[in-house]
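The values are calculated or read from the model by the stated rules, or taken from the named source; none is laboratory data. Note that the coordinates shown come from a computational prediction; the quantities given were computed from them, not determined experimentally. All Cβ positions, glycine included, derive from the backbone under ideal geometry; neighbour counts span all protein chains shown. When the accessible area is computed, the model is the full protein with side chains, heavy atoms only, and any ligands, DNA or RNA have been set aside. Shrake-Rupley method; radii C 1.70, N 1.55, O 1.52, S 1.80 Å.
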Amino acid sequence: MSALTDLYEEIAPCQQCTLSKTRTMVVPGEGAENADIVFIGEAPGWHEDKQGRPFVGPAGKFLDDLLGLIGLKRSDVYIANIIKCRPPDNRDPLPPEIGACKKWLDRQLEIIRPKMIVTLGRYSMARYFPGQVISKIHGTSKKEDGIIYFAMYHPAAALHQQKLRQVIEDDMRKIPQVLADGSAADEEDEKKEERPEQLSMF
Ligand code: URA
């Protein structure tokens, strides 16, 4: 058993908020335990609640297409949500639900230790880019504590607003370079740490 599957067994019976009363299945997340990139959406919808898997409805189909644009499959990355259970009628997640569920995502990220976290939509952006506005920061990144954070619109936004499709695709295409630049910066820092004596030459 992997650390993630052990964790899924802990998440499955969770009753820390009232969504446990209305859910069909918990949707913990799925993908590679050693993924470089973790995509974080909002909450499971109708399809996800039935299948126990994230992003398997129409927005998920678009996410698969977006991954394909940069030569990736679902199994190359990790996909999760800010909350693990479907809110009734797909209403927005409430602060107590988001708070109760935070520890699960934090533990997933501790296990995976990704190089890059991609926020999909407002709710995951609010956690990692607090106080920011999606229309301003989509397609931009920042690095904190060794992790690159990259903000994107939610894929479902393109299903409601056709003009966002191109914007979302363009943002997705930036990911490989953002990841490469962030990783290169890490290597440079490591080299500096290995050769501190060189600094004294200047
Ligand atoms: N929307 C999300 O934010 N997450 C899913 O898993 C499906 C749709």
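Looking only at region 72-93, filter to residues that are touching a residue at least 60 places away in the same chain (Cβ under 8 Å) and not in a helix (DSSP H, G or I); which one of those is nearest to residue 152 (Cα to Cα)? Break it down into steps so the answer makes sense when it comes.
Initial filter on region 72-93 (touching a residue at least 60 places away in the same chain (Cβ under 8 Å)): 83-88.
Those still in the list that are not in a helix (DSSP H, G or I) too: 83-87.
Working: 83: 18, 84: 20, 85: 22, 86: 22, 87: 22 Å.
Step by step, filter region 72-93, then rank; the result is 83.
Looking at region 37-46, which of its residues are buried (at least 16 other Cβ atoms within 10 Å of the Cβ) and either under 11 Å from the mean Cα position of the chain (by Cα) or outside any loop (DSSP other than H, G, I, E, B) (or both)?
Going through region 37-46, the residues buried (at least 16 other Cβ atoms within 10 Å of the Cβ) turn out to be 37-45.
Within region 37-46, 37, 38, 39, 40, 41, 42 qualify.
Which condition breaks for residue 109 when tested against (1) open to solvent by 10 Å² or more (accessible area, probe 1.4 Å); (2) touching a Ser or Thr at 6+ places or on another chain (Cβ under 9 Å)?
For residue 109, the exception is condition (2).
Checking the structure you have, find out if any residue of region 12-25 is open to solvent by less than 70 Å² (accessible area, probe 1.4 Å), of a type in the set (A, V, I, L, M) and within 18 Å of the chain's Cα centre (by Cα). Working first, answer last.
Narrowing region 12-25 to residues open to solvent by less than 70 Å² (accessible area, probe 1.4 Å): 12, 14, 17, 19-20, 23.
Applying the additional criterion that residues be of a type in the set (A, V, I, L, M) yields 12, 19.
Going one step further and asking which of them are within 18 Å of the chain's Cα centre (by Cα), we end up with none.
No: zero hits.
Out of everything in region 11-46 that is of a type in the set (A, V, I, L, M, F, W, C) and more than 23 Å from residue 72 (Cα to Cα), what residue ends up being nearest to the ligand (Cβ to nearest atom)?
Just the residues of region 11-46 that are of a type in the set (A, V, I, L, M, F, W, C), to begin with: 11-12, 14, 17, 19, 25-27, 32, 35, 37-40, 43, 46.
Subsequent filtering for residues that are more than 23 Å from residue 72 (Cα to Cα) retains 11-12, 14, 17, 19, 25-26, 46.
Working: 11: 15, 12: 17, 14: 17, 17: 17, 19: 14, 25: 12, 26: 12, 46: 9 Å.
Once the filter is applied, the top-ranked residue is 46.
Can you give me the number of residues within region 68-96 that are open to solvent by less than 40 Å² (accessible area, probe 1.4 Å) and within 14 Å of the ligand (Cβ to nearest atom)? Can you show your working first?
At the first step, the residues of region 68-96 found to be open to solvent by less than 40 Å² (accessible area, probe 1.4 Å) are 70, 77-85, 87, 93.
Adding the requirement that they be within 14 Å of the ligand (Cβ to nearest atom) leaves 77-85, 87, 93.
Final tally of qualifying residues: 11.
Out of everything in region 47-67 that is in contact (Cβ under 8 Å) with a residue 40 or more places away in the chain and within 9 Å of the ligand (Cβ to nearest atom), what residue ends up being most open to solvent (accessible area, probe 1.4 Å)?
Selected residue: 58.
Please name all residue pairs, on different chains or six or more residues apart, with Cβ atoms under 6 Å, provided the first residue is in region 153-166 and is more than 19 Å from residue 117 (Cα to Cα) and the second residue is in a loop (DSSP other than H, G, I, E, B) and open to solvent by 20 Å² or more (accessible area, probe 1.4 Å).
As it stands, the answer is 164/153, since those pairs meet every condition given.
Within region 172-188, take every residue that is touching a residue at least 24 places away in the same chain (Cβ under 8 Å) and of a type in the set (A, V, I, L, M, F, W, C) and give me the one that is surrounded by the fewest Cβ atoms within 10 Å (Cβ to Cβ). Break it down into steps so the answer makes sense when it comes.
Within region 172-188, the subset touching a residue at least 24 places away in the same chain (Cβ under 8 Å) is 172-176, 178-179, 182-183, 185-186.
Then drop every residue that is not of a type in the set (A, V, I, L, M, F, W, C), which leaves 172, 175, 178-179, 185.
Values: 172: 22, 175: 24, 178: 20, 179: 20, 185: 13.
Restricting to residues being touching a residue at least 24 places away in the same chain (Cβ under 8 Å) and of a type in the set (A, V, I, L, M, F, W, C), the top hit is 185.
Does residue 100 satisfy being of a type in the set (A, V, I, L, M) and either in contact with a Gly (Cβ under 9 Å, 6 or more places away or on another chain) or outside any helix (DSSP H, G or I) (or both)?
On the way: of a type in the set (A, V, I, L, M): yes; either in contact with a Gly (Cβ under 9 Å, 6 or more places away or on another chain) or outside any helix (DSSP H, G or I) (or both): no.
It is false that residue 100 is of a type in the set (A, V, I, L, M) and either in contact with a Gly (Cβ under 9 Å, 6 or more places away or on another chain) or outside any helix (DSSP H, G or I) (or both).
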